[in-house]
Amino acid sequence: MKITGFRSETYFMKMDREVADANLPSGVEIMPASILFLETDEDITGVSLGYGGGVEHLFHLIEGEDPRDVLGLWIKINDYLHKAGNEGAATLVFSAIDMALWDLKAKIADEPLWRTLGAREGRVKAYASGLDYSLSDDELFCFYRRMAEMGVDSGKLKVGLDIDADIRRLGIMREALSIASDRPGLMIDSNEYWSPKQAVRYISKIEERFDLIWAEEPARRWDYDGLRLVSQQVRTAVATAENLKSIADIYPLIANEAADVLNLSSGHSGVTGCRQIANMAYAHNVPVSMMNCQANFMAQVAAALPGHTMMEVVDPGREHCLKYDNYVQDGFIHLSDAPGFGIDVDEAILKDLQENPPKGKGAFPFPRREGAGRYLVPPSPSETPWSS
Amino acid sequence: MKITSFKTTSLAAGMSRLCIEADDGAAGNWIIASALQSVAEKLADAALIGQEPRSTTSLWHDMLDRAGNDLQARAAAAALDVALWDLNSTRDNEPLWKKIGGSQKPANAHLSITERASGATQSDDVFFQQAAPFGFREGKVSACLTSKSLPDRIGKLFSALDASAQPPSLYIGAQGRCAPKDAIAAISKLEQLFDITAIEAPCPTWDISGTKKVSENIKAAVFNDLSIFGREGLLSHFRRRSLDIVQLSVLKDGVTGVLELADAAFGYELPILIASSPGNIGAHFAGALPYFMSLEIRDLPSKQTAPSAVTISNGWAQPGDAPGLGINWAQPSA
């Protein structure tokens, strides 16, 4: 079997609700998305979600190759990117190609990707994540209660700009999740808004009231000294790495004992890169947690990673043109036996989204908010419904 | 699909062939020391029978959890894991290198002469003659660093290797017999005579500080021997940056463990050596590991205990296209 061509599609979608964090508390409704189709000479197509564009710059490296040789092709692309670096847009394309290759490898074997990767079962523990900074207190409760009704017993709250509000809303999240567990798992995410010392002060304050599983990105993504300092000075585990690009970026975090949990994503140089990081983390006894994504497709990978704890489920309504059959029940993402990632594309809906782009509030990506790392700029009433 | 049976058949020289069968008729084979048969049987009964054979990652970790610190059980788990990969790739009519996702790529290889197997210098000469047609450019001699005959053996190895393209690469298997300072002194003397690429276990591999001290005081790279197992054995070496190269082996890490630990080493950009194994099946990793360095060859193709499809030419080991491990079980072993 050989790779013969590709097609990439980009589009915008309007989510069912806003998503927001400390850097853009007012949130956005519009999300850009992309789909890569890798074509072969045997009428099997590999599909991957979420790259940015520019596949033509790397396609010559895989054209005519057997998609089953995905690790070898990963090495080839990684070596090709040596001088320019596996960074930015290049990483997005690299990741998209690698994911589509794994989709093909599993489809050729007529098995779900979780099985190709050696998992025993297609089942991954989920945690709820509202990306909820712009949700009112009532909306916050409703989101986490809806997730709890699906058995999800852990949640992650966006925090950072108003410590009193953060503590109040953590209580709301805990109450909403309490139907799933007597002791819901609680996490917070400040998205690099704090300095390390701010993080120590604010997390310590929260720890007076709540037992947290982890605090995500309490300092800058690359600041291994700052992240380690936070980890040493609070009880809560420090989670980080979602915005890094490869195992090379992760190395300083692990070597300097700066991360207690690593957040993985498809943007970590694809399935292969993601697995490399997970294997390195496992060797160092550092748990990993898969980031949210459309249709929870990376649960296919998470199911096979040693040391994986639970995967982030956001569920804001991003699957407009995607057909999939995984679902959340009893607190777990359940994957089917559909081949590959188990994702199909409804071409008619995709075409409609491209021809009639939806209108709505804001667009990705979030900028960094004023005051970040230095002083707090609380949200104004025009930014969030809960601020005073 | 489920694993239905596990059985062993005695081969020569204290080795046995183990076979795992699935309910669709697929079978996977590998070799295990006969002394470990009963350990492997117990482990297979507990962890494999009734399980889906494609669940390689989960089954590997399940077996390790059951094995705990029992090194015999760890070795048995590795053998069972290799057999599972043979089963899965044979069933799909793919060579192992393709099943694990690699490209077809020859493995850079080094000829390895052991103290135990070769004994006197004279035996080395016979081995070198047998190895000559394969064009090795790299070689390893195993001996205590303080052995008086070591410089002579290294010199003969150097002469026996193909130097037509570049100076041969020399490895020494020091067998972990020296204290760190003794190792540094001995290696420093050898380095006045030879350009040595890497030294295996210049002091006991469990001595992490000592290993690091040796590395910091010699020119050659330092790598581990096979006395440490898994992430438990490597974690402190990673943390201290005491190794310059990581050596892995299917005989203790299985296929799954090699893939996982090679990823961990890649995080530090540590090159990977694959230790020798029957059939030289480590050649299958060359196109799958991003920092693959060299494959140890003790079994020349004409002397293999498990005749395989791996061929060696100009010092490169080519895994071939035969399904699975590519071992010809019908051919009598040497």
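The values are calculated or read from the model by the stated rules, or taken from the named source; none is laboratory data. Everything numeric here is computed off the predicted structure, so don't read it as measured data. Heads up, the Cβs are rebuilt from the backbone with ideal geometry, glycines too, and the neighbour counts pull from every protein chain shown. We work out accessible area using only protein heavy atoms, side chains counted, and drop any ligands, DNA or RNA first. Shrake-Rupley method; radii C 1.70, N 1.55, O 1.52, S 1.80 Å.
Need the per-residue list for the stretch B:228-268: every residue with at least 10 Å² less accessible surface in the complex of protein chains than in the chain by itself, probe 1.4 Å, sorted by number.
B:Arg231, B:Leu235, B:Phe238, B:Arg239, B:Arg241, B:Leu259, B:Glu260, B:Asp263, B:Ala264, B:Phe266, B:Gly267, B:Tyr268
What is the extension gain from A:Asp110 to A:Glu56, computed as 0.36 nm multiplied by their sequence separation minus the C-alpha to C-alpha distance, in nm to one decimal?
Values: separation 54, 0.36 × 54 = 19.44 nm, distance 2.79 nm.
Going from the current span to full extension adds 16.6 nm.
At a Förster distance of 35 Å, what's the computed FRET efficiency of A:Phe364 paired with B:Lys2, Cβ-Cβ distance as r, to 0.05?
Details: r = 46 Å, r/R0 = 1.31.
So, using R0 = 35 Å, E works out to roughly 0.15.
So, by mean Cβ neighbours within 10 angstrom, what's the order for A:340-350, A:126-136 with the highest one leading?
Values: A:340-350: 18.5, A:126-136: 25.9.
The peptides rank, most packed first, as A:126-136, A:340-350.
For the A and B pair, go ahead and give the buried accessible area with a 1.4 Å probe, both sides summed, in Å² to 100.
It comes to approximately 2900 Å² buried between A and B.
Identify the residues of the stretch B:90-112 with backbone N under 18 Å of a label point that sits 7 angstrom from the Cα of B:Thr9 along the Cα-to-Cβ direction, or state none.
Only B:90-91 fall inside the zone, counting backbone N under 18 Å.
Wrap a convex hull around the Cα atoms of the stretch A:175-319, take a quarter of its surface area, and give that in square nanometres. Working shown, then result.
Working: hull surface 35.6 nm².
So the mean shadow area of the Cα hull is 8.9 nm².
Short version: which residues of the stretch A:274-296 lose at least 30 Å² of accessible area, all chains versus chain alone, 1.4 Å probe?
Residues of the stretch A:274-296 that lose at least 30 Å² of accessible area once the other chains are added: A:Gln276, A:Asn279, A:Met280, A:Tyr282, A:Ala283, A:His284.
Quote the FRET efficiency, to the nearest 0.05, computed for A:Asn285 versus B:Lys42 with a Förster distance R0 of 30 Å and r equal to the Cβ-Cβ distance. Before the final figure, lay out each step's value.
Details: r = 28 Å, r/R0 = 0.92.
Once rounded, the FRET efficiency stands at 0.65.
Can you compute 3J(HN,Hα) from phi for each residue in the stretch B:80-85, using the Karplus curve 6.51 cos²θ - 1.76 cosθ + 1.60 with θ = phi - 60°, rounded to whole Hz and x for Gly and Pro?
5, 4, 4, 5, 5, 5
At a 1.4 Å probe, what is the % contribution of carbon and sulfur to the accessible area of the protein assembly as shown? Spell out each step's value before the answer.
On the way: 12890 of 26650 Å².
The C+S portion of the solvent-accessible surface of the protein assembly as shown is 48 percent.
Label point 7 Å out from B:Gln72 along Cα-to-Cβ: which residues of the stretch B:240-270 have amide N under 20 Å?
B:251-254, by backbone N distance to the label point.
State in Å² the accessible area per residue of the stretch A:114-346; use a 1.4 Å probe, count heavy atoms of protein chains only, and round to the nearest integer. Intermediate results must be reported in sequence, preceding the final value.
On the way: 7400 Å² over 233 residues.
Result: 32 Å² of accessible area for each residue.
Got a sec? What order do B:Arg239, A:Arg169, B:Arg177 fall in by accessible area at 1.4 Å, biggest, i.e. largest, first?
Values: B:Arg239 80, A:Arg169 5, B:Arg177 130 Å².
The residues order as B:Arg177, B:Arg239, A:Arg169, largest area first.
Given the protein chains as shown and a 1.4 Å probe, how many square angstrom of B:Asp92 are accessible, to the nearest 10?
50 Å²
For a quick check, take a GNM of chain A with Cα springs below 10 Å and name the residue from A:Glu355, A:Glu216, A:Glu319 with the largest mean-square fluctuation.
Evaluated over chain A, the most mobile residue of the options is A:Glu355.
Rounded to the nearest 0.05, what FRET efficiency do B:Cys144 and B:Asp244 give with R0 = 30 Å and r taken as the Cβ-Cβ distance? Could you check? Present the calculation step by step, with values, prior to reporting the outcome.
Numbers: r = 21 Å, r/R0 = 0.70.
The calculated FRET efficiency here is 0.90.
Separation between the B:Ser302 and B:Thr114 pseudo-spin-labels, each 7 Å from Cα along Cα→Cβ, expressed in nm?
Here the answer is 2.1 nm between the modelled labels.
Let me know the mean shielding of A:140-146 by other chains, meaning the per-residue number of their Cβ atoms within 10 Å of its Cβ.
Details: counts 0, 0, 0, 0, 0, 0, 0.
Per-residue shielding by partner chains comes out at 0.
Counting only the heavy atoms of the protein chains, how much of A:Tyr375 is accessible to a 1.4 Å probe, in Å² to the nearest 10?
Roll a 1.4 Å probe over it and A:Tyr375 shows about 100 Å².
Assuming a ≥ b ≥ c are the square roots of the Cα gyration tensor eigenvalues, decide whether the stretch B:133-266 counts as rounded (a/c under 1.5), prolate (otherwise, with a/b larger than b/c) or oblate.
Oblate shape, in that a/c is at least 1.5 and b/c is the bigger or equal ratio.
Report, as a whole number in µm² per second, the diffusion coefficient that Stokes-Einstein gives for the stretch B:3-92 at 37 °C and 0.692 mPa s using the Kirkwood radius over alpha carbon pairs.
The estimated diffusion coefficient comes to 260 µm²/s.
Going down the table (A:Lys76/A:Lys107; A:Lys156/A:Lys359; B:Lys105/B:Lys156; B:Lys140/B:Lys303; A:Lys245/B:Lys105), which pairs top 20 Å between alpha carbons?
Details: A:Lys76/A:Lys107 22 Å; A:Lys156/A:Lys359 28 Å; B:Lys105/B:Lys156 30 Å; B:Lys140/B:Lys303 18 Å; A:Lys245/B:Lys105 27 Å.
Violating the 20 Å limit, Cα to Cα: A:Lys76/A:Lys107; A:Lys156/A:Lys359; B:Lys105/B:Lys156; A:Lys245/B:Lys105.
Label point 7 Å out from A:Arg209 along Cα-to-Cβ: which residues of the stretch A:160-185 have amide N under 14 Å?
Of the residues in the stretch A:160-185, A:160-176 have backbone N under 14 Å from the label point off A:Arg209.
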